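I have placed the structure first, in the form of structure tokens, so that the comments after it can refer back to it.
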Amino acid sequence: MSSPNAESTAFRSALEVIRAVEPRVAGAIAAELADQRESLKLIASENYASPATLLAMGNWFSDKYAEGTVGRRFYAGCQNVDTVEALAAEHARELFGAAHAYVQPHSGIDANLVAFWAVLADRVEAPALKKAQARQVNDLTEADWFALRRELGNQRMLGMSLDAGGHLTHGFRPNISGKMFDQRSYGTDPETGLIDYDKVAEAAREFKPLILVAGYSAYPRRVNFRIMREIADSVGATFMVDMAHFAGLVAGKVFTGDFDPVPHAHIVTTTTHKSLRGPRGGMVLCQPELAEQVDRGCPMVLGGPLPHVMAAKAVALAEARRPDFADYAGRIVANAQALAEGLLRRGASLVTGGTDNHLAIIDVTSYGLTGRQAEQALLDAGIVTNRNSVPQDPNGAWYTSGIRIGTPALTTRGLGTAEMDVIAELIHTVLNQTKTASNPDGTPSKAKYVLDPAVADKVSRQASDLLAGFPLYPTVDLT
Ligand SMILES: *Cc1c(COP(=O)(O)O)cnc(C)c1O
């Protein structure tokens, strides 16, 4: 461990250097820390990276072009980038028990694009090249190239529906994945809110996707990846898991056996900044047969890698390999369950009736609110969440009927199950006291609401008092 003093000195010095050039940027950076320290953050996709991870990003690695892969670069002088990229990949392979890791993706969406195109290259492009007896795409005739492009654009993907908790990058029209693939989605059982694997199998049999995707950003339960792989195999689909949200729970061995995607999927994508607690970025893990295609992510869909972020990935992954990370991951889930139970006990309604991961979805219709009203009212009271659709959402994707809450960030701060019960009380108080306002024509508004400012202030103070006992970045003193 570095001394607390070293961390304070490092950040203070960095701010001093920045302040000399553009003081407003230094001011915003310092203000961001102050704001984060004061906010009760229940955003399920956010976390707090360690000082070592943050510091690994602010340096001259940012100045380097390093297209290619370790030892095979298109630029000279990449020996130090090679060191950090190889380290990040090694830590990722060891941590997740993966055959291959590609740590260049700049974000989760990039990791998914790398994965999609690796599968398309392996399953559509490579056979076409072979058939045409061409070594690479530049050797194809115009007619063969035209036919291949049509073929690449004519593939199918089956993924989880958005309102059940799936992600926009899994083949939905506003995202490029929806323009690339003919997509169909599987939802959840209307009674239980759980994935119905028989229904997924039926959809796969009918639709015959090239890629079956599992993974979510708003599903509060574990997914059985062994069953999903069997379904993929039964229709000849490549099985991909996007573990962006729950990679920390896989790393921390909370999700094991059937619930660990790595041994079951052909290819796994993730972000590194959510429950994994690393720098903002992405990563792909895969079976050996896809490794060569995955490594073509740059220049296929990525620009030059971000060596400074790969350095930070190596640091964060090293942290995730330490025994205390498993303890952290266990506490994330214990906290989510305590929060869910605290809400249920007070009469809230949760999608699937609870959680067995890091997040829960409150169905706020039982409080007579939309997700938008609930999100804003909670924010007025100092509680940061985000609104989210519930399955078959009556209020649509903009207003929604749900509030998504997650515990990775507060668990990093050190809050435990007793504090989660206090937070459940605060959330329930706000939602219970918030009333829908009327539109000018007398109909109930989906956005406007009334919350007594005295209630909001009181909850806000209680939230601050709670956080005061769990300082964020306790080793960093900027004053
Ligand atoms: C967050 C998320 C992404 C996107 O990650 P970005 O880094 O924001 O691009 C992709 N897939 C899932 C399931 C996610 O939750």
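No value in this document is a laboratory result; all are computed from the given coordinates. Note that the coordinates shown come from a computational prediction; the quantities given were computed from them, not determined experimentally. No Cβ is skipped: glycine too gets one built from the backbone with ideal geometry, and neighbour counts run over all protein chains shown.
Charged side chains reduced to their Cβ positions (Lys and Arg at +1, Asp and Glu at -1) give the range 20-71 a dipole of some 80 debye around its Cα centre. Considering every alpha-carbon pair of the range 61-320, the percent of pairs per 10 Å bin, from zero through the bin containing the longest distance, is 7, 31, 35, 21, 6, 0.
Distance between the 7 Å Cα→Cβ label points at residue 206 and residue 13: 6.3 nm. Within the chain, helices built from complete DSSP H runs that reach 27 Å or longer along their own axis (Cα positions) and carry a mean Kyte-Doolittle hydropathy of -0.5 or higher are 323-345. Could you give log10 I(q)/I(0) at q = 0.11, 0.14, 0.17 Å⁻¹ for the range 323-468, computed by the Debye formula over C-alpha point scatterers of equal weight, without solvent? Debye output, listed in q order: -0.40, -0.63, -0.91.
In debye to the nearest 20, how big a dipole does the range 52-151 give about its Cα centre with +1 on each Lys and Arg Cβ and -1 on each Asp and Glu Cβ?
The calculation lands at about 220 debye.
The lysine pair count for the chain, using Cα distances under 29 Å and pairs eight or more places apart or on different chains, is 26.
Provide the net charge surrounding residue 226, with neighbours chosen by a C-beta distance below 14 Å and charges set as Lys +1, Arg +1, Asp -1, Glu -1.
So the environment of residue 226 carries a net charge of -2.
Normalised by the number of residues in the chain, the mean separation of alpha-carbon contacts (under 8 Å, six or more apart) gives a relative contact order of 21 percent. Normalised by the number of residues in the range 323-468, the mean separation of alpha-carbon contacts (under 8 Å, six or more apart) gives a relative contact order of 27 percent.
From least to most packed, judged by other beta carbons within 10 angstrom and beginning with the fewest, 145, 60, 117 follow the order 60, 145, 117. Would you work out which of 18, 462, 355 lies farthest towards the positive end of the dipole of the chain? Charges go on Cβ: Lys and Arg +1, Asp and Glu -1. My answer, from the dipole projection, is 18.
Put the Cα centre of the range 225-250 next to the Cα centre of the range 120-187 and the gap is 18 Å. Based on alpha-carbon atoms, the Kirkwood radius and the radius of gyration of the range 92-228 give Rg/Rh equal to 1.02. Normalised Debye scattering of the chain at q = 0.07, 0.08 Å⁻¹ gives log10 I(q)/I(0) of -0.40, -0.52, counting only Cα atoms as equal scatterers and leaving out solvent. Secondary-structure-derived ellipticity at 222 nm for the chain, considering helices only, amounts to -14000 deg cm²/dmol, per-run term -39500 (n - 2.57) for DSSP H runs with n ≥ 4. Residue exposure proxy: 200, 422, 119, ordered by other Cβ atoms within 10 angstrom of their Cβ from fewest to most, comes out as 422, 200, 119. For residue 147 and residue 300, what is the calculated FRET efficiency with R₀ set at 25 Å and r taken between the beta-carbons, to the nearest 0.05? That pair, residue 147 with residue 300, gives E of 0.80.
Assuming R0 = 51 Å, can you tell me the calculated FRET efficiency for the pair residue 21 and residue 326, based on Cβ-Cβ distance, to the nearest 0.05?
Plugging the Cβ-Cβ distance into 1/(1 + (r/R0)^6) gives 0.75.
Taking the Cα centre of the chain as origin and assigning +1 to Lys and Arg Cβ atoms and -1 to Asp and Glu Cβ atoms, the resulting dipole is close to 360 debye. Cβ-to-Cβ counts within 10 Å put 344, 306, 431 in ascending order as 344, 306, 431, the fewest first.
Find how many whole Å separate the alpha carbon centroid of the range 405-479 from the alpha carbon centroid of the range 1-75. Value for the Cα centre distance between the two parts: 27 Å. Here the contact order of the range 143-234, divided by its residue count and restricted to Cα pairs under 8 Å and six or more residues apart, works out to 31 percent.
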